[in-house]
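Asker: To start, I am sharing the structure in question, which I have written as structure tokens.
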Amino acid sequence: MSIKKACILLLFPVLLISNKVTVVNFEQLQNYAANKNNDTLYVVNFWATWCDPCVKELPAFQQESKKYAANKVKIIYVSLNSGKELNKVQDFVDSHKLGPPVLLLSGDNPNVWINKVDTSWSGAIPATVMYKSGKKVYFREGDFTSESLDKIIQSKNK
Amino acid sequence: MKKIMFISAAIIALCSFTITGYNVGDKATDFKLKNIDGKMVSMADYKDAKGFIVVFTCNHCPFAKAYEDRIIALNAKYATKGYPVIAINPNDPNAVAEDNYTTMQQRAKAKNYSFPYLVDSTQNIAHTYGATRTPHVFVLQKSGSDFLVKYIGAIDDNSDDATAVKDKYVENAVDNLLAGKAVNPTSTKAIGCGIKWKS
């Protein structure tokens with residue numbers, strides 16, 4: 001077998017199962033959720049691989065994603081790892097089967113975009129913002145339990 | 001019982017959401033906290049200081065690590081001008097073991113800290129100041145026996161790359177105070193590790 005063939009054979013299943021982390025700036029991020037003018041509830045979770053409480057609450061979001069797969073709820077995972085840590089984030093996403101989508105927000109000045117997410121946000125993570133019909137319907141700085149997250153999503157998804 | 005648990009969870013959630021603390025212009029309280037050498041440190045000990053660069057930071061947080069050299073540089077530049085750095089670790093070591101006192105001592109020794117690195121074991125000072133993440137800076141100006149909050153926020157606008165910084169917020173604030181000018185901006189935000197509060 002040629003090396004090329006072997007590579008393609010090996011790569012093909014990887015491409016199928018892997019969820020590639022996309023690096024975005026803040027404006028691009030807004031197009032995933034805040035600027036979507038439809039009746040889907042977009043849940044944007046800000047996390048990082050180094051943030052223990054973030055990692056701890058991720059399964060709750062994954063659970064919600066499964067639960068509401070047919071009910072117009074879309075979870076968007078936004079990593080705030082350094083842009084230099086893209087590979088680290090990709091490894092984490094692969095091993096935890098996170099998303100899609102998983103985005104890595106990089107390049108813009110946090111002092112500007114943190115306030116655009118919510119003026120009450122200090123910048124500590126985890127933080128979660130929800131949008132529906134192009135409007136912000138919820139923001140929280142802090143972590144969730146499965147129960148508290150489910151309750152909020154239920155109430156916002158009516 | 002379930003209902004009570006839910007209500008108490010809701011109250012806890014509500015309380016942790018209400019962020020109190022200082023605004024720019026407020027009088028900051030002095031503290032008496034244990035340094036890595038075992039001695040207690042207060043701002044009142046610094047008779048000749050014109051003010052302080054109070055930095056809530058810790059051992060484990062990647063942002064705190066990214067800024068460690070810049071915090072050392074701040075003290076090197078401003079201590080002699082009357083604005084020394086005082087670093088305070090507010091994190092509960094039971095939440096993150098790396099933030100314990102011994103590791104604080106090791107970091108300070110390894111990096112040759114020229115400023116105190118204090119432990120806020122009750123977390124009262126972090127709560128009172130309204131620190132939420134690490135690193136989180138409060139620039140204070142001495143006015144008589146008061147310490148006035150002049151700047152709250154990030155050290156600069158680029159945690160990733162010190163060479164790509166455009167705005168050195170803390171340096172600008174202190175430079176302006178030294179020149180008798182108004183501080184602008186007086187507060188900034190940055191991503192950081194949330195302070196690990198005692199549960």
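Asker: Under the Karplus relation 6.51 cos²θ - 1.76 cosθ + 1.60, θ = phi - 60°, what is the ordered set of whole-Hz ³J(HN,Hα) values for the stretch B:71-77, x standing for Gly and Pro?
Answerer: 5, 4, 5, 4, 5, 4, 7
Asker: Convert each backbone phi in the stretch A:56-68 into a coupling constant with the Karplus relation 6.51 cos²θ - 1.76 cosθ + 1.60 (shift: θ = phi - 60°), then list the ³J(HN,Hα) values in order as whole Hz, x for Gly and Pro.
Answerer: 5, 8, 4, x, 4, 5, 5, 5, 5, 4, 5, 4, 9
Asker: Near the amide H of residue B:192, under 5 Å away, which other amide H atoms are found, from residues 5 or more places off or on another chain, if H is placed in the peptide plane?
Answerer: A:124, A:125
Asker: Also: Using modelled amide H (1.01 Å from N, peptide plane; none on Pro or chain starts), what sits under 5 Å from the amide H of residue B:148, excluding residues fewer than 5 places away?
Answerer: The list, which skips near neighbours in sequence, is B:28, B:141, B:142, B:143.
Asker: Taking chain B as a Gaussian network, where each spring joins two C-alpha atoms under 10 Å apart, which residue of B:28, B:95, B:173 fluctuates the most?
Answerer: So, out of B:28, B:95, B:173, the one fluctuating most is B:95.
Asker: Quote the charge dipole size of the protein assembly as shown about the Cα centre in Debye, to the nearest 20; the model charges only the Cβ of Lys and Arg (+1) and of Asp and Glu (-1).
Answerer: Details: 44 positive and 33 negative charges, 153 e Å.
Approximately 740 debye in magnitude.
Asker: Step through the residues of the stretch B:86-95 one at a time and calculate ³J(HN,Hα) from phi using the Karplus curve (6.51 cos²θ - 1.76 cosθ + 1.60, θ = phi - 60°), rounding each to whole Hz and writing x for Gly and Pro.
Answerer: 10, 9, 10, 9, x, 6, 7, x, 6, 8
Asker: Continuing with the same structure: May I ask which residue of A:42, A:139, B:174 lies farthest towards the positive end of the charge dipole of the protein assembly as shown, with charges of +1 (Lys, Arg) and -1 (Asp, Glu) on Cβ and the Cα centre as origin?
Answerer: A:42
Asker: Same structure, new question: About its Cα centre, what dipole magnitude does the stretch B:22-194 give when the only charges are +1 on Lys and Arg Cβ and -1 on Asp and Glu Cβ, stated in debye to the nearest 20? Could the numbers behind the result be given before it?
Answerer: Details: 20 positive and 19 negative charges, 77 e Å.
Here the size comes out at about 380 debye.
Asker: OK, next. In nm, to one decimal, how far is the residue A:38 label point from the residue A:119 one, both placed 7 Å along Cα→Cβ?
Answerer: Here the answer is 3.2 nm between the modelled labels.
Asker: Name the residue from B:144, B:62, B:83 whose Cα lies farthest towards the positive end of the charge dipole of the protein assembly as shown, charges +1 on Cβ of Lys and Arg and -1 on Cβ of Asp and Glu.
Answerer: B:62
Asker: Direction-averaged shadow area of the convex hull around the Cα atoms of the stretch B:22-194, nm²? Walk me through the numbers on the way to the answer.
Answerer: On the way: hull surface 36.2 nm².
So the mean shadow area of the Cα hull is 9.0 nm².
Asker: Assigning unit charges at the beta carbon (Lys, Arg +1; Asp, Glu -1) and nothing else, what dipole magnitude in debye, to the nearest 20, does the stretch B:135-181 show about its Cα centre?
Answerer: Values: 5 positive and 8 negative charges, 61 e Å.
Using only the charged Cβ atoms, the result is roughly 300 debye.
Asker: Another question about this same structure. Over all residues in A:47-53, what is the mean tally of Cβ atoms on other chains that come within 10 Å of each residue's Cβ?
Answerer: Working: counts 0, 4, 1, 6, 6, 6, 4.
Mean number of neighbouring Cβ atoms from other chains: 4.
Asker: Follow-up question, since we're still on this one. Using amide H atoms built in the peptide plane, which far-off residues or other-chain residues are under 5 Å from residue A:75 H to H?
Answerer: So residue A:75 has HN proximity to A:43.
Bear in mind these aren't lab numbers, they're just calculated from the coordinates by the rules spelled out. Everything numeric in this text was worked out from a predicted model, so none of it was measured. Glycine gets a Cβ as well: all are built from the backbone with ideal geometry, and neighbour counts include every protein chain shown.
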